[in-house]
Every structure is written in structure tokens, then in C-alpha cells.
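Derivation of every value follows stated rules applied to the coordinates shown; laboratory data play no part. If you're wondering where the values come from, they're calculated on a predicted model, not measured in any experiment. Every residue, glycine among them, receives a Cβ derived from its backbone with ideal geometry; neighbour counts consider all protein chains shown.
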Amino acid sequence: QKEVEQDPGPLSVPEGAIVSLNCTYSNSAFQYFMWYRQYSRKGPELLMYTYSSGNKEDGRFTAQVDKSSKYISLFIRDSQPSDSATYLCAMSAGTGGFKTIFGAGTRLFVKA
Amino acid sequence: ETGVTQSPTHLIKTRGQQVTLRCSSQSGHNTVSWYQQALGQGPQFIFQYYREEENGRGNFPPRFSGLQFPNYSSELNVNALELDDSALYLCASSRAGPNTGELFFGEGSRLTVL
């Protein structure tokens, strides 16, 4: 069993839709939870960063962490074609990005 | 842009050769991590360097080795290249300290092994 599970998709939605992306994990030591966006042939860029459980909102993006269920989510409101990318969940048990483990990534297509 | 730069951007090697990839970290960051990303997969943790010492390693064989220099830049060396080593190699810098989990990635070095 992988430490982090993420549905690779692809997920195709119309412009303006609400997108829900999810990951589950098995290591209860994870404390830092992140979402990265990766465009084709580019390095991942950090979207959201959360420490421990709870919600965090940044513009159209909301990240949720439920440590009791070992489940994290990213919601994208009013999705745009420019949101089309691969979304990677990532998590770590230590500070400084120590041994951050990534999911396989979900490919998202937002159709105009 | 993250301020993390990697070189070279692309390279082609043959099986059995050795390769060195380089990374300059973002200003103020003292920790560097290296990841391997195969096509269609998420990044896989290779190792992390902090204060010029290896500070954690993933499930990669010893032919994957690294260095961190006093200016926090880093190298990834891979010996005896195998076809399965073909991938995007990503360098990420971060700042050690409490509540500092974020990684900042470079654009990667795409390695093809023939």
C-alpha cells in the first residue's frame, strides 16, 4: 500500500464548475499537508500549505485536512481553463520539507 | 518563479554512464531535496541535504548520491545509469525551522537514458 493515494484521473469539467480533488494517506505522523500544481514540462508550484487539521482558503482555492480520517481535499471554485494542470497532494512528518511524500497527481482539464 | 535553478534542462546518456545534475537553491533556503518524477507519476523522494549532510533518504540505491555546498547549492550524481533512470529530476529548496513544510521547485532536468 502506498503512503499517499491519489486518483490520477483525468478529471474533465466545464468552465465555472467546482472541482474537488482528494488524497488519502496511511502515515499518522504526517503533520504538514500541501497541494502543488504542475503544468506540462514544468516543476510543481506550491498552491496551498496547511499545518495539522483544519481548513484554509486562498482566493478560489480551499484546502481541507481531516487527520482523523487521513483524508485531505482541495476545492477549486469557478474553475478556469487556466486551471488545467496536474494537481499533486504532498505531506510530510517533519519541518523544512523533510521527506515530503507526493501522491501520483490528478490531471484536471477545464473546458471553455 | 521560485528562484530555484537547475542545470542542464535536458540531457541524453547511454546505459552505464554517469551523470551530474546541479541545483541552486532559493535565497535564504538552507535545505535541498531531490526528487525523481517518471512520466505520469508523482515525484519520488530521493534524498534531502541540510547543512551539507544527507538528512533523510528515500528508497533509492547507493548509486544515487549527492552533495550540498556551503552556499547551499547541490548536486545529484547517478552512476551506472539504467534505462529506468529516465525521468524528470527535480530539485526543491526549503527553509529549516518550525512550521516550514513548503518546498519550492526548480523546472527540473529531464534525463533520457538510451
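Taking only pairs six or more apart or across chains, which ones have beta-carbon atoms under 7 Å, a first residue in segment B:67-93 that is in contact (Cβ under 8 Å) with a residue 60 or more places away in the chain and surrounded by fewer than 17 Cβ atoms within 10 Å (Cβ to Cβ), and a second residue that is in a strand (DSSP E or B) and among the aliphatic types (A, V, I, L, M)?
Final answer for the pair search is B:Glu82/B:Val113; B:Leu83/B:Val113.
Being within 11 Å of another protein chain (Cβ to nearest Cβ) and among the polar types (S, T, N, Q) is the filter here; which residues of segment A:1-17 pass it?
Passing the criteria: only A:Gln6.
Residues to consider are B:Gly42, B:Gly3; find the one that is over 12 Å from the mean Cα position of the chain (by Cα), without any contact (Cβ under 8 Å) to a residue 12 or more places away in the chain and within 23 Å of A:Tyr36 (Cα to Cα).
Answer to the selection: B:Gly42.
Does A:Ser68 qualify as being under 15 Å from A:Thr24 (Cβ atoms), of a type in the set (Gly, Ala, Ser) and either touching a Leu at 6+ places or on another chain (Cβ under 7 Å) or more than 8 Å from chain B (Cβ to nearest Cβ) (or both)?
For A:Ser68, the condition - under 15 Å from A:Thr24 (Cβ atoms), of a type in the set (Gly, Ala, Ser) and either touching a Leu at 6+ places or on another chain (Cβ under 7 Å) or more than 8 Å from chain B (Cβ to nearest Cβ) (or both) - is met.
Filter segment B:1-40 for residues that are surrounded by 16 or more Cβ atoms within 10 Å (Cβ to Cβ) and assigned to a loop (DSSP other than H, G, I, E, B) and give the result.
Those that are surrounded by 16 or more Cβ atoms within 10 Å (Cβ to Cβ) and assigned to a loop (DSSP other than H, G, I, E, B): B:Thr2, B:Val4, B:Ser25, B:Gln26, B:His29, B:Asn30.
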